[in-house]
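Please read the structure below before turning to the comments.
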Amino acid sequence: MAAAALAVLSPVLALIGQATQGAGTHWGHLLQFVLPGVVGQTLLLLAGVGLLATALGVGGAWLVTAYDFPGRAVLSWGLLLPLSVPTYIVAYAYLDILHPIGPVQETVRALLGYSSPREFRLPDLRSLPGAIVLLAFVLYPYVYLTTRSMFANQAAHLIEAAHLLGHGPWATFRRVALPMARPAIAVGLCLVLLETLNDIGASEFLGIQTLTVAVYTTWVTRSDLAGAAQIALVTLALVTIVIAVERHGRRRLRYTSGRRGAPIHRRRLHGPAGWLATALGLAPIVVGFVAPAGYLLALALERVGAGQLPSPALLHAGGQTLAVSAVATIATLGIGLIVVWSRRIMHHAPDWLRGVPRLATLGYALPGTVLAIGLLFPLMAMERGLSLLREASGLDPTGLILLGTPAALTLAYVIRFLTIPVGTLEAGLDRIPPSFEQAARLLGENIHGTLRRVHLPLLRPALAASALLVFVDAMKELSATLLLRPMNFDTLATWLYAEAARGTYEEGAIAALGIVAAGLIPVIILARLLDRPAS
Amino acid sequence: MTPRSRLQFFTRRLPLLAATTSLLIGSVALAAEVNLYTSREPKLVEPLLAAFSTDTGVKVNTVFVKDGLLERVRAEGAQSPADVLMTVDIGNLLDLVDAGVTQPVRSNVLDAAIPANLRATDGQWFTLSLRDRVAYVAKDLDVQTFNYEDLADPHWKGKVCIRSGQHPYNTALIAAMIAHDGVKATEQWLRGVKANLGRADTGGDRDVARDILGGICDVGIANAYYAGHMKNAAPGSDARRWGDAIRVIRPTFKNSQGTHVNISGASVARHAPHRTEAVQLLEYLVSDKAQSLYAQANYEYPVKPGVKLDPTVKSFGPLHIDTLPLTEIARHRKQASELVDRAGLGQ
């Protein structure tokens with residue numbers, strides 16, 4: 001656990017070291033000309049995306065948990081689909097789809113009788129409202145996923161008790177289901193907000209200046225790494241405060257229910273009500289997945305039709321992506337479980353030690369490239385250590401073991417995504433009453449046996465959910481990958497990025513579709529687990 | 001298996017995994033190789049690198065690092081496998097030199113091929129190709145000449161498209177304007193450009209052409225080679241439609257008769273383990289063959305005088321390069337970036 005804490009902290013410490021190298025003269029300029037606009041825009045973006053994503057995620061989760069209607073079974077996993085598409089790909093696809101010379105506006109103009117976009121066009125997507133809608137429809141599955149597993153495993157007797165006591169469906173949702181799901185919503189929402197805050201690709205496409213973009217400008221354009229580290233640390237401090245406030249708010253609440261009931265009896269919706277529910281559930285999938293992925297598919301088919309098949313190099317990149325993401329997922333989950341479980345069994349440990357899981361959030365709160373930059377210094381310290389070790393054992397000490405192989409990349413993914421299993425598993429563990437392990441211990445199980453035979457089975461949905469999220473996130477990760485990968489190593493994301501940088505984005509359609517397709521597999525596996533409550 | 005032993009199971013196999021992977025990705029030493037770290041789009045240089053390998057038998061390993069090239073090389077220190085460092089902006093290249101991660105190279109071949117103002121006197125960096133920043137104008141507009149300063153002319157209100165003001169391509173242009181017209185005039189100009197924008201300053205250079213076709217703007221600033229790519233894209237493709245919608249004009253600054261040019265360039269890394277091959281690669285990249293590949297595969301402007309131009313590039317008219325030294329542009333870069341903030345671009 002201490003090792004995990006050190007790993008997560010090391011890039012942050014390196015950044016603090018960097019930050020102290022700078023004079024801080026840029027703060028006057030930032031305060032006067034940059035921060036007023038950027039902070040306002042960042043807050044509006046976060047508020048907008050947070051609200052919309054929560055509404056979509058919680059609404060969707062409740063809809064498929066509490067009601068039965070045509071297509072419910074498909075929607076219940078379909079709502080996860082936007083997870084498989086990176087935000088930058090969705091932004092790009094929608095810029096094409098909604099551009100004045102794209103299919104939508106051309107159809108609108110044809111219907112209205114205009115011949116040229118100079119006579120009539122719709123408002124530009126590259127705006128704050130455009131960014132809010134786009135990001136919310138791609139990121140809501142984080143909320144949906146965490147909330148849905150909570151609803152799915154929630155003791156049905158509470159809901160039924162509410163019904164018996166005369167609550168209607170809306171009141172049951174508002175007064176029973178929603179409060180119980182609060183930790184899950186908080187975890188999902190946190191991920192959504194951090195994703196939004198750290199997003200570079202989509203924000204850049206849409207012309208939105210966030211704090212992260214300001215960090216970039218200071219570093220890349222002004223060659224001021226110290227200044228960028230200072231802004232990054234301020235952003236990090238803000239994020240940490242927000243998370244702490246949220247945790248403080250629910251510190252006294254307990255979310256356990258001693259009894260496990262049968263799954264919720266879904267209310268059957270008939271006729272128009274049923275079809276309305278179908279439409280409501282379908283809308284986020286169409287906007288967040290079907291339209292952009294369908295567009296990519298059309299582009300890719302066009303390419304294939306023109307004789308351009310996926311090259312062996314692209315397939316190789318696909319294989320490397322799967323391998324490095326899978327390894328990172330296993331490592332992240334394993335370490336996350338250790339961190340969370342240690343905290344659970346360390347009743348008497350000092351507070352600062354029990355607070356270690358909070359550190360896990362840090363990796364996710366830093367923009368990918370900033371994290372990677374911070375990680376370079378500890379990585380090189382490790383390289384030197386490895387080099388000495390090899391020398392001592394008579395091996396050739398030259399060459400880079402970590403940066404020369406995907407090992408550095410894997411470590412970066414673990415640090416970056418550790419917050420996902422920690423958050424999800426903690427929320428899952430919180431719902432398992434301490435009486436369960438007391439009983440197990442009384443019956444003679446030791447601590448590890450308790451974990452294996454009591455907690456792990458109960459945590460299965462949470463484990464599956466975090467595995468999916470880490471895997472998909474690792475596959476989509478771009479900025480840290482670009483900086484830390486070894487030579488001659490491509491993932492689908494870097495492949496796609498290379499096509500974009502070359503200005504031939506549509507040629508990357510096959511790679512983009514590859515990311516989506518590879519993301520679909522874990523989504524489907526997870527969906528099956530979700531519909532089968534833990535026993 | 002407990003999670004702890006599961007973790008051990010994994011960590012014990014990590015070195016094995018790393019070793020297997022490194023075998024798979026082919027970092028096994030061959031007879032001759034050279035390691036290239038580049039912040040430029042790999043597909044753009046790949047044809048050149050492939051030609052180099054075929055002609056010399058030297059294998060090129062590449063890693064494309066978008067941001068943080070300097071930080072990575074600096075952190076790797078004396079252990080760095082990097083031989084050649086390649087960037088697409090003079091500022092980024094000089095940052096590498098200033099940070100001390102490059103070494104001087106003496107080469108008659110390089111000196112003969114590259115004009116003196118486009119390489120370091122001490123051999124720390126070399127220009128490999130030129131990238132002129134031009135005006136894209138809607139095809140049917142009657143505009144024959146253009147100054148960079150005209151972009152702020154109220155005549156273009158709501159009709160200007162540019163990529164982010166903070167992008168190195170733009171800050172280099174703005175830095176050049178600071179050198180020519182002074183800070184005050186440049187800030188005024190940026191405010192004028194902001195007032196003229198037809199949409200947020202975002203996207204890439206190709207979006208300027210696309211948005212001209214989409215009626216969002218009439219004029220914009222972008223690199224010439226993108227126009228070369230679009231105008232030569234497959235007939236009927238989107239890119240071709242965008243390229244056909246624009247005309248390219250090579251603007252000049254009012255105070256000079258020159259067009260702003262940025263570069264792609266390279267240095268030999270300070271701790272290059274394959275120094276000989278590194279110099280060999282640089283010399284190859286300024287050979288007639290590679291320089292005409294730059295021009296014909298990539299529509300960039302050759303740095304070597306006298307190399308045959310691509311017909312599309314030629315059709316953009318004669319290129320009179322701004323005589324401002326590249327180091328002068330790099331010197332004003334930070335100021336340029338701050339002016340972009342002051343003028344409120346991007347907000």
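Below is a table of values for the structure above.
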read-out	value
Sole residue being within 14 Å of chain A (Cβ to nearest Cβ) and in contact with a strand residue (DSSP E or B) (Cβ under 8 Å, 6 or more places away or on another chain), chosen from B:A200, B:A209	B:A209
Single residue of the stretch A:428-461 satisfying the filter (charged (D, E, K, R) and under 28 Å from the mean Cα position of the chain (by Cα)) that is farthest from A:M346 (Cα to Cα)	A:R460
Given (1) open to solvent by 20 Å² or more (accessible area, probe 1.4 Å); (2) touching a His at 6+ places or on another chain (Cβ under 9 Å); (3) within 14 Å of chain B (Cβ to nearest Cβ); (4) part of a helix (DSSP H, G or I), number of the condition A:H448 does not satisfy	(2)
Search result, residues across the stretch B:203-216 that are without any contact (Cβ under 8 Å) to a residue 60 or more places away in the chain and either open to solvent by 10 Å² or more (accessible area, probe 1.4 Å) or not charged (D, E, K, R) (or both)	B:G203, B:G204, B:R206, B:D207, B:L213, B:G214, B:G215, B:I216
Test result for A:L429, in contact with a His (Cβ under 9 Å, 6 or more places away or on another chain), of a type outside the set (S, T, Y) and open to solvent by less than 40 Å² (accessible area, probe 1.4 Å)	yes
Any hit, the stretch B:71-86, residues being buried (at least 19 other Cβ atoms within 10 Å of the Cβ), in contact (Cβ under 8 Å) with a residue 24 or more places away in the chain, within 13 Å of chain A (Cβ to nearest Cβ) and basic (K, R)	yes
Which numbered condition B:V313 fails, given (1) of a type outside the set (D, E); (2) surrounded by fewer than 20 Cβ atoms within 10 Å (Cβ to Cβ); (3) away from chain A (no Cβ under 14 Å); (4) not in a loop (DSSP other than H, G, I, E, B)	(2)
Selection from the stretch A:396-427 of residues that are over 28 Å from the mean Cα position of the chain (by Cα) and under 27 Å from A:V470 (Cα atoms)	A:L400, A:I401
Residues located in the stretch A:304-321, provided they are open to solvent by less than 50 Å² (accessible area, probe 1.4 Å) and in a helix (DSSP H, G or I)	A:L314, A:A317, A:G318, A:G319, A:Q320, A:T321
Failed item in (1) of a type outside the set (A, V, I, L, M, F, W, C); (2) outside any helix (DSSP H, G or I); (3) modelled with pLDDT under 90, with A:S466 passing the rest	(2)
Filtered residues of the stretch B:133-168 (kept if closer than 19 Å to B:I321 by Cα, within 14 Å of chain A (Cβ to nearest Cβ) and open to solvent by 20 Å² or more (accessible area, probe 1.4 Å))	B:P168
Leading residue by the ranking (farthest from the chain's Cα centre (by Cα)) among those in the stretch B:243-265 that are away from every other protein chain (no Cβ under 14 Å) and among the small types (G, A, S)	B:S256
Condition check for B:A113: under 24 Å from the mean Cα position of the chain (by Cα), within 14 Å of chain A (Cβ to nearest Cβ), open to solvent by less than 40 Å² (accessible area, probe 1.4 Å) and touching a residue at least 24 places away in the same chain (Cβ under 8 Å)	no
Residue check, B:R240 farther than 30 Å from B:D83 by Cβ, within 14 Å of another protein chain (Cβ to nearest Cβ) and assigned to a helix (DSSP H, G or I)	yes
Index of the failed condition, B:H229 passing every other in (1) in contact (Cβ under 8 Å) with a residue 60 or more places away in the chain; (2) within 10 Å of chain A (Cβ to nearest Cβ); (3) in contact with a strand residue (DSSP E or B) (Cβ under 8 Å, 6 or more places away or on another chain)	(3)
Count of the stretch B:188-224 residues which are more than 23 Å from B:I263 (Cα to Cα), in a helix (DSSP H, G or I) and β-branched (V, I, T)	2
Filter result (more than 8 Å from chain B (Cβ to nearest Cβ), open to solvent by 40 Å² or more (accessible area, probe 1.4 Å) and of a type in the set (A, V, I, L, M, F, W, C)) within the stretch A:26-48	A:W27, A:L31, A:V39, A:L43, A:L44, A:A47
Whichever residue in the stretch B:232-262 is modelled with pLDDT of 95 or more and hydroxyl-bearing (S, T, Y) and, among such residues, is nearest to B:L326 (Cα to Cα)	B:T259
Hits in the stretch B:165-189 - residues which are out of contact with any strand residue (DSSP E or B) (no Cβ under 8 Å at 6 or more places or on another chain) and of a type in the set (A, V, I, L, M, F, W, C)	B:I174, B:A175, B:A176, B:M177, B:I178, B:A179, B:V183, B:A185, B:W189
Condition met for A:A474 (more than 14 Å from chain B (Cβ to nearest Cβ), at pLDDT 85 or above, out of contact with any strand residue (DSSP E or B) (no Cβ under 9 Å at 6 or more places or on another chain) and crowded, with 24+ Cβ neighbours inside 10 Å)	yes
Test for B:Q103: is it more than 14 Å from every other protein chain (Cβ to nearest Cβ), touching a His at 6+ places or on another chain (Cβ under 9 Å) and either among the aromatic types (F, W, Y) or open to solvent by 10 Å² or more (accessible area, probe 1.4 Å) (or both)	yes
Wholly within the stretch A:354-424, helices (runs of 4 or more DSSP H) carrying at least 3 residues that are more than 14 Å from chain B (Cβ to nearest Cβ)	A:356-365, A:407-417
Members of the stretch B:273-305 found to be open to solvent by less than 20 Å² (accessible area, probe 1.4 Å) and touching an Asp or Glu at 6+ places or on another chain (Cβ under 7 Å), listed by number	B:A278, B:Y294, B:A295
Matching residues in the stretch A:204-245 - criterion: being of a type outside the set (S, T, N, Q), more than 12 Å from every other protein chain (Cβ to nearest Cβ), within 21 Å of the chain's Cα centre (by Cα) and crowded, with 22+ Cβ neighbours inside 10 Å	A:L211, A:A232
In the stretch A:46-87, residue nearest to the chain's Cα centre (by Cα) [restricted to those that are over 23 Å from A:N198 (Cβ atoms) and outside any helix (DSSP H, G or I)]	A:L79
Search result, residues across the stretch A:488-511 that are part of a loop (DSSP other than H, G, I, E, B), open to solvent by less than 20 Å² (accessible area, probe 1.4 Å) and at pLDDT 85 or above	A:F489, A:T491
Among the candidates A:V324, A:V286, residue that is in contact (Cβ under 8 Å) with a residue 40 or more places away in the chain and not in a loop (DSSP other than H, G, I, E, B)	A:V324
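The values are calculated or read from the model by the stated rules, or taken from the named source; none is laboratory data. Since the model is a prediction, treat every value here as computed from it, not as a measurement. Every residue, glycine as well, gets a Cβ built from its backbone with ideal geometry; the counts of neighbours run over all protein chains shown. Surface areas here come from the heavy atoms of the whole protein model, side chains and all, with no ligands, DNA or RNA. Shrake-Rupley method; radii C 1.70, N 1.55, O 1.52, S 1.80 Å.
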